[in-house]
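The values are calculated or read from the model by the stated rules, or taken from the named source; none is laboratory data. Being a predicted model, the structure only gives us computed values, none of them experimental. Glycine also receives a Cβ, built like all others from the backbone with ideal geometry; neighbour counts cover every protein chain displayed.
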Amino acid sequence: MNPFMLLGAVAADWTRLSRLLDPAARRELGGALAELRAATAEGGADAGRRSAANRAARTVLDGLPPEEAGRLRRDGAAQRFTGPPATALHQGYGALDLTLLVLDGNPMVGPLLGPVRRRLLAQPSLPWTDRADPRLIVLTADDGERRLPLFQFEAADMPWRIVLDVNSLLRAGPDPWGVADWWLSPTTWWAGTPADLLGRGRDEELRGAARELAAVAGEG
């Protein structure tokens with residue numbers, strides 16, 4: 001059994017499987033995934049990563065109902081899960097995706113949202129500190145470090161006032177990735193991204209667009 005591939009399979013079905021694990025199993029899984037993250041960040045021997053992955057996989061198998069554990073064991077058969085252990089994927093999901101889901105509550109995983117996460121994390125950013133304004137967008141990197149996208153700042157660590165207003169309207173606290181994607185993606189409203197309009201006397205347009213988007217979201 002490839003434990004990395006099995007963890008990817010768990011990530012692909014995490015919304016359902018997470019409800020079947022009791023709190024103790026979820027805590028133990030979180031500890032094993034934190035160990036896996038640390039071993040990966042340190043860039044040490046593969047043995048450390050595999051040991052942590054094995055512990056995480058065993059925790060899931062022991063914590064799930066027998067029929068679910070049996071299904072994962074069948075999915076984890078060697079003839080299906082092959083390739084480099086740490087980079088193995090199941091339906092586009094890997095062990096990193098499960099780490100992000102469990103440790104960070106980060107939904108930007110898998111073949112559809114993973115590329116969006118990587119694109120946003122590739123943008124210039126600053127380290128988060130506890131002095132940061134709570135209205136700022138905070139993104140958690142793959143290694144667990146919290147980052148502040150740099151476009152939010154007018155100078156040094158001073159945020160644009162309009163960014164704080166728009167972030168509040170769009171509720172960046174519970175949805176930092178969605179709001180960051182809005183700021184940094186081209187729109188049909190303007191040529192370029194909303195972030196491109198900062199400092200150009202277009203604050204009311206940005207505020208109005210955010211109000212309209214928030215109103216549509218509220219209707220939904």
Q.
Cβ contacts < 6 Å: first residue without any contact (Cβ under 8 Å) to a residue 40 or more places away in the chain, restricted to region 44-64; second residue of a type in the set (Asp, Glu), any location; separation 6+ or different chain. Result?
A. Ala52/Glu35; Thr59/Glu28
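Does Leu98 meet the test of being within 22 Å of the chain's Cα centre (by Cα) and either assigned to a helix (DSSP H, G or I) or modelled with pLDDT of 95 or more (or both)?
Yes: the conditions hold for Leu98.
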Q: Would you please list the contacts, defined by Cβ atoms under 6 Å and residues six or more apart or on different chains, that run from a residue in region 100-111 that is outside the structural domain of Leu33 (by TED's automatic domain parsing) and touching a residue at least 60 places away in the same chain (Cβ under 8 Å) to a residue that is aromatic (Phe, Trp, Tyr) and not in a helix (DSSP H, G or I)?
A: Gly110/Tyr93
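Across region 130-161, which residue is surrounded by the fewest Cβ atoms within 10 Å (Cβ to Cβ) among those that are among the acidic types (Asp, Glu) and farther than 24 Å from Arg200 by Cα? Spell out the reasoning first.
In the first step, residues of region 130-161 are kept if they are among the acidic types (Asp, Glu); the result is 130, 133, 142-143, 145, 154, 157.
Subsequent filtering for residues that are farther than 24 Å from Arg200 by Cα retains 130, 142-143, 145.
Details: Asp130: 4, Asp142: 17, Asp143: 10, Glu145: 13.
Out of the qualifying residues, it is Asp130.
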Q: Being under 30 Å from Leu33 (Cβ atoms) and in a helix (DSSP H, G or I) narrows it down to one of Leu136, Leu112, Leu164, Leu169, so name that one.
A: Leu112
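Can we say Arg211 is in a loop (DSSP other than H, G, I, E, B) and either surrounded by 14 or more Cβ atoms within 10 Å (Cβ to Cβ) or not polar (S, T, N, Q) (or both)?
Details: in a loop (DSSP other than H, G, I, E, B): no; either surrounded by 14 or more Cβ atoms within 10 Å (Cβ to Cβ) or not polar (S, T, N, Q) (or both): yes.
So Arg211 fails the test.
Does Arg55 meet the test of being assigned to a helix (DSSP H, G or I), basic (Lys, Arg), over 20 Å from the mean Cα position of the chain (by Cα) and surrounded by 15 or more Cβ atoms within 10 Å (Cβ to Cβ)?
Numbers: assigned to a helix (DSSP H, G or I): yes; basic (Lys, Arg): yes; over 20 Å from the mean Cα position of the chain (by Cα): yes; surrounded by 15 or more Cβ atoms within 10 Å (Cβ to Cβ): yes.
So Arg55 passes the test.
Each row is one residue, and each column tells you yes or no for (1) modelled with pLDDT under 95; (2) surrounded by fewer than 19 Cβ atoms within 10 Å (Cβ to Cβ).
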| residue | (1), (2) |
| --- | --- |
| Leu6 | yes, no |
| Ala11 | no, no |
| Leu20 | no, yes |
| Ala25 | no, yes |
| Glu42 | yes, yes |
| Ser51 | yes, yes |
| Arg74 | yes, yes |
| Gly110 | no, no |
Q | Counted residues, region 162-185 - those being surrounded by fewer than 21 Cβ atoms within 10 Å (Cβ to Cβ), touching a residue at least 12 places away in the same chain (Cβ under 8 Å) and either small (Gly, Ala, Ser) or not assigned by TED's automatic domain parsing to the domain that holds Leu139 (or both) | A | 2
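Would you mention how many residues in region 190-208 are surrounded by fewer than 15 Cβ atoms within 10 Å (Cβ to Cβ) and part of a loop (DSSP other than H, G, I, E, B)?
Initially, region 190-208 is screened for residues surrounded by fewer than 15 Cβ atoms within 10 Å (Cβ to Cβ), giving 190-192, 199-201, 204, 207-208.
Add one more test, that the residue is part of a loop (DSSP other than H, G, I, E, B), and what stays is 190-192, 199-201.
The number of residues fulfilling the criteria is 6.
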